[in-house]
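Scroll down for the structure; my scribbles are underneath it.
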Amino acid sequence: METNTKNSSNSADSGNGSSSPDNANKFGKRNRGQVNTNSAADGLYLDTVIRNVLDFDFEPLCSVSLSPLNVYACLVCGKLFQGRGPSSHAYTHSLAVDHHIFINLASLKVYCLPESYEVKESSLDDIKYVIRPFYKQDQISKLDTASAYSYDLNNKSYLPGFVGLNNIKANDYINVVVQALAHVKPLRDFLLDDSFINVVDGIIGVGSTSKIQSKKKSSELANRFATLVRKMWNTHAFKGQVSPHELLQEISNASAKQFLLTIQADPADFLAWFLNVLHTGLGGSPKKNGGSVIHTSFQGQVRVESQAVAAAEGNHTSAVPVFDDKKETTTTTSPFLFLTLDLPAMPLFQDELEKNIIPQVPLSSLLEKYDGITEKEYTQSIKRFRITKLPQFLIFHIKRFTKNNFTLEKNSTIVNFPIRGVDMREFIYQNAPVFPDLDPTVEEEKTIYNLVANICHDSKPGAVEGTYKVHVHSKGRDQWLQIQDLIVE
């Protein structure tokens, strides 16, 4: 299975700037527990804060009561506790181990316990930013031209937006989809912008950045996905990787445990489900097309012509059924979020070295399925497909896995595809005869697609069990990076 995400060239080059989000003016040089001498009260105990032990990627649950309500993080040891009153777990922890600086993970207010007074100290702003990164519109516009590396607390370099994601057990199939979607410009920009989605209040702004026309409630899944994407693009992270644990927990809940972090699944199945729930979670209607950044970015339309085929005809010949324009034809138009491409069957013979031959096929051959001429045979019908509307970003699902009565098989055929300049103009339908000319009403630059990300299954030829990795393009460095869980190269 491979999922190729491509975007049109005219949209890929819009809104580019020259650098990544830079909060250096806000934070200045990293502070590692310095005491602010301007305020003796606020500066008390700040030298005990240890940033290296802080990890805010996991679900905020009290380490004692496991409650998600009113959770505070100890900035000395990193443990989470509920409440700060005299009978709270945080209060008890403060007295027991002499730890005094705590931050509320919801309000981001810092308190000194057991005295319970608020600490208003700018040297702690970097910790607040790691918990909840935020981006200004001018920073977002410069992401695609950023090329500078950032450095974590251990002085290790990382490229914002191209950081590894933890594979807790078997969630690599989710990680690769998240990495690919995090580089789709309109979706990424939407998720980073507080005027479009407020992850704290769960509010979605509908309209443009200059004029929000209405507000809707966002889903918890959408909020957690937006939070994860913001952490992935953070230029001031404490570590050069992110754990998707909070998102994984919500994916399990929202999918009724269909997609788990402990059992590997097909990224194509997860992507289909994920895009649909994100559409509704980001303000779209489950019964109407459009209305969300998901449909604006990925939704196209395809015309399907279908003719019924009898199970057996005449003298039971094995002739392949063909489309007969004289027969009754059913024509429908359906929206799509990605297009499935079928691979030719693998050869059953071996070469002279007694090794299985791995064939190769160009992407253009697979796309013939959507030329409106090529016929595809199904159980009781034959169909022809023609694209009637191209989306801004086009996702191809190359179907590699087939299930027979006994086992699941992988087709290891190599697909050769260009990374730039895939022209889909000849697949746009025009109200013309069976062999239509190119539609002159379609602007040429809006049909040319460049590769944004490529997801592939890594295993031995024909093997079903394996791992998933993703290739993503850094526009700022004009460089392709391979990401497999925590490994970025």
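What follows is calculated from the coordinates using simple rules that are stated; it is not laboratory data. The structure presented is a predicted model; accordingly, all values stated were derived computationally and were not measured. Cβ placement follows ideal geometry from the backbone for every residue including glycine, while neighbour counts extend to all protein chains displayed.
What is the spin-label model distance, in nm, from Ser122 to Arg477 if the labels are put 7 Å beyond Cα along the C-beta direction?
Taking the two extended label points, one gets 3.3 nm.
Please say if the stretch 80-163 is rounded, prolate or oblate, where rounded means a/c under 1.5 for a ≥ b ≥ c the square roots of the C-alpha gyration tensor eigenvalues, and otherwise the choice is prolate for a/b larger than b/c and oblate otherwise?
Taking the square roots of the gyration eigenvalues as a ≥ b ≥ c, the stretch 80-163 is prolate.
Counting other Cβ atoms within 10 Å, keep those with at most 16, restrict to DSSP loop, and tell me which GluC sites (Glu not before Pro) in the stretch 90-153 are left.
Working: sites: Glu115, Glu118, Glu121; in loops: Glu115, Glu121.
Sites meeting the loop and neighbour criteria: Glu115.
So for the pair Glu59, Gln360, with labels modelled 7 Å out along Cα→Cβ, what separation do we get in nm?
Here the answer is 4.7 nm between the modelled labels.
Please give the FRET efficiency for Asp423 paired with Leu105, using the beta carbon to beta carbon distance and R0 = 30 Å, rounded to the nearest 0.05. Working shown, then result.
Values: r = 49 Å, r/R0 = 1.64.
For Asp423 and Leu105, the calculated efficiency is 0.05.
Quick one: of Lys136/Lys216; Lys288/Lys389; Lys169/Lys216; Lys288/Lys403, which pairs are farther than 24 Å apart, Cα to Cα? Let's see the in-between values first.
Values: Lys136/Lys216 21 Å; Lys288/Lys389 17 Å; Lys169/Lys216 35 Å; Lys288/Lys403 33 Å.
Result: Lys169/Lys216; Lys288/Lys403 exceed 24 Å.
How much net charge surrounds Thr332 when only other residues with a Cβ under 13 Å from its Cβ are counted (Lys, Arg +1; Asp, Glu -1)?
On the way: positive: Arg303, Lys383, Arg384, Arg386; negative: Glu305.
Overall, the nearby charge balance is +3.
How high is the FRET efficiency from Glu375 to Ala265, r the C-beta distance, R0 45 Å, rounded to 0.05? Kindly include the intermediate steps, with their values, before the conclusion.
On the way: r = 32 Å, r/R0 = 0.71.
Efficiency, rounded to the nearest 0.05: 0.90.
Quick one: length gained pulling Glu465 to Asp201 fully straight, 0.36 nm per residue minus the C-alpha distance?
In short, 90.9 nm is gained.
If you add up the charges near Leu481, with Lys and Arg at +1 and Asp and Glu at -1, over every other residue whose beta carbon is less than 11 angstrom from its beta carbon, what do you get?
On the way: positive: Lys469, Arg477; negative: Glu489.
Local charge sum for Leu481: +1.
Quote the FRET efficiency, to the nearest 0.05, computed for Asp324 versus Ser285 with a Förster distance R0 of 35 Å and r equal to the Cβ-Cβ distance.
Values: r = 39 Å, r/R0 = 1.12.
The computed FRET efficiency comes out at 0.35.
Assuming 0.36 nm per residue, please report the length gained on full extension of the stretch Tyr151 to Glu368 beyond their Cα-Cα distance. Before the final figure, lay out each step's value.
On the way: separation 217, 0.36 × 217 = 78.12 nm, distance 4.68 nm.
Separation in residues times 0.36 nm, less the Cα-Cα distance, equals 73.4 nm.
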